[in-house]
1. Does GLY108 satisfy the condition of being without any contact (Cβ under 8 Å) to a residue 60 or more places away in the chain, crowded, with 16+ Cβ neighbours inside 10 Å and part of a loop (DSSP other than H, G, I, E, B)?
2. So is LEU72 of a type outside the set (Val, Ile, Thr), surrounded by 18 or more Cβ atoms within 10 Å (Cβ to Cβ) and in a strand (DSSP E or B) or not?
3. Quickly run through the stretch 322-361 and pick out the residues that are of a type in the set (Asp, Glu) and surrounded by fewer than 16 Cβ atoms within 10 Å (Cβ to Cβ).
4. Are any residues in the stretch 213-240 touching a residue at least 24 places away in the same chain (Cβ under 8 Å) and within 22 Å of LEU89 (Cβ to Cβ), and if so, which ones?
5. Got at least one residue in the stretch 249-258 being surrounded by 21 or more Cβ atoms within 10 Å (Cβ to Cβ), over 23 Å from GLN77 (Cβ atoms) and not assigned by TED's automatic domain parsing to the domain that holds PRO109?
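The values are calculated or read from the model by the stated rules, or taken from the named source; none is laboratory data. Predicted model, so just to flag it, every value in this text is computed and none were measured. Every residue, glycine as well, gets a Cβ built from its backbone with ideal geometry; the counts of neighbours run over all protein chains shown.
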Amino acid sequence: MRPETEADLAEAVASAKGHLRVTGGGTRDIGKPVSGDELSAAGLSGVSLYEPGALTLVAQSGTPVEEIEALLAAEGQRLAFEPMDHRVLLGTAGVPTIGGVIAANVSGPRRIQVGAARDFTLGVRFVDGRGQVLKNGGRVMKNVTGYDLVKLMAGSWGTLGVLSEVSLKVLAIPEAEATLVARGKDSVAAIKALAAALGSPFDITGAAHLDAGVLGESETRVRIEGLEGSVAYRARMLLQGACSGFEVVEGDASAAMWRQVRDVAPFAEKEGTVWRVSVKPSDAPVFTNALSAQGVDHTAIYDWGGGLMWLLVKNAGGDGGAGAVRAQTAALGGHATLVRGTRALREMTEVFEPEPAPVAALTRGLRAKFDPRGILNPGLMG
């Protein structure tokens, strides 16, 4: 089913006789496999409001991300949260949609400075499991009372409702950017350098480390953006302090480095299971060193100063490294998501981090409230 209006979407959900596999552009095949009729929101497409002066945009959920980015770029603006294009890593087809981005709360390297996709979502309209149209938020940043359904829907992966429209805050494209790069550092030294840069007053918008197994030689990267003179000054000051010994890469070459990190591109053509792991930044080397000590063959891309790790796990046996990864997240208070794995692996293991009992009870309550028939992506998140 591919409804083209919100009313048709509501009717499709209300009249459903069984489970629905809710999708957007079909680019993020993540989560436990869901059986049922496919319900795609890709037919709800188009930007209904764009006010560059107010930094706001309203679009139907099936609007392609590239269409929105082109519209914004023409006015010197962008989606500041830098959403990943999962097609690169997963090898999927389809077209990324803005509804899919918000439903999965897809946020890239710039999150450390500006926040996540949910932080730029001002309002949503969606169809719940009864087929009712609900809305929350608006077109400007303001305090609201009651349920914050905007934040609830961001990251719910279509299990609470099917997004039909989103309102977003956008930001201006900076005049210049530069990346400071060092090569040959181990993970401990790299995370220490990234922490020093992030702790400086120089407004870092990207902080990543690719270990030696990713590109052949490790790279530690720090990005700064803004007015040309400001970028030059901050680069100079960082080279004299936190980033001593780094070299400077500018313009298109700098942008290409961060698209590589954003899309986890170095893992695209490499065999293995891919995990997305979040821990305290200073614990990132502890995590990967513990995996090595257990004989888990892996390489890592560290983003967000070490707070986010992309792990390519090779030859990890039938569980794709799940046992070792889950043990370490439990020990360090982190969480992990299986992003790329075989269908059989996704069926047998927890794709998303298992929730503590009290949180799981709240989750069940929310799903019962918004989807009492249990028809929207049942089981996808566990």
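1. No, not satisfied.
2. No: the conditions fail for LEU72.
3. If the condition is that a residue be of a type in the set (Asp, Glu) and surrounded by fewer than 16 Cβ atoms within 10 Å (Cβ to Cβ), then GLU347 is the only one that fits.
4. Matches in the stretch 213-240: GLY213, VAL214, LEU215, GLU217, SER218, GLU219, THR220, ARG221, ARG223.
5. Within the stretch 249-258 (the criterion being surrounded by 21 or more Cβ atoms within 10 Å (Cβ to Cβ), over 23 Å from GLN77 (Cβ atoms) and not assigned by TED's automatic domain parsing to the domain that holds PRO109), the answer is no, since none of the residues qualifies.
Each row is one residue, and each column tells you yes or no for (1) closer than 19 Å to ALA265 by Cα; (2) touching a residue at least 24 places away in the same chain (Cβ under 8 Å); (3) in a helix (DSSP H, G or I).
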residue: THR299; (1), (2), (3): yes, yes, no
residue: TRP310; (1), (2), (3): yes, yes, no
residue: GLY317; (1), (2), (3): no, no, no
residue: GLY323; (1), (2), (3): no, no, yes
residue: ARG326; (1), (2), (3): no, yes, yes
residue: ALA330; (1), (2), (3): no, no, yes
residue: LEU338; (1), (2), (3): yes, yes, no
residue: LEU345; (1), (2), (3): no, yes, yes
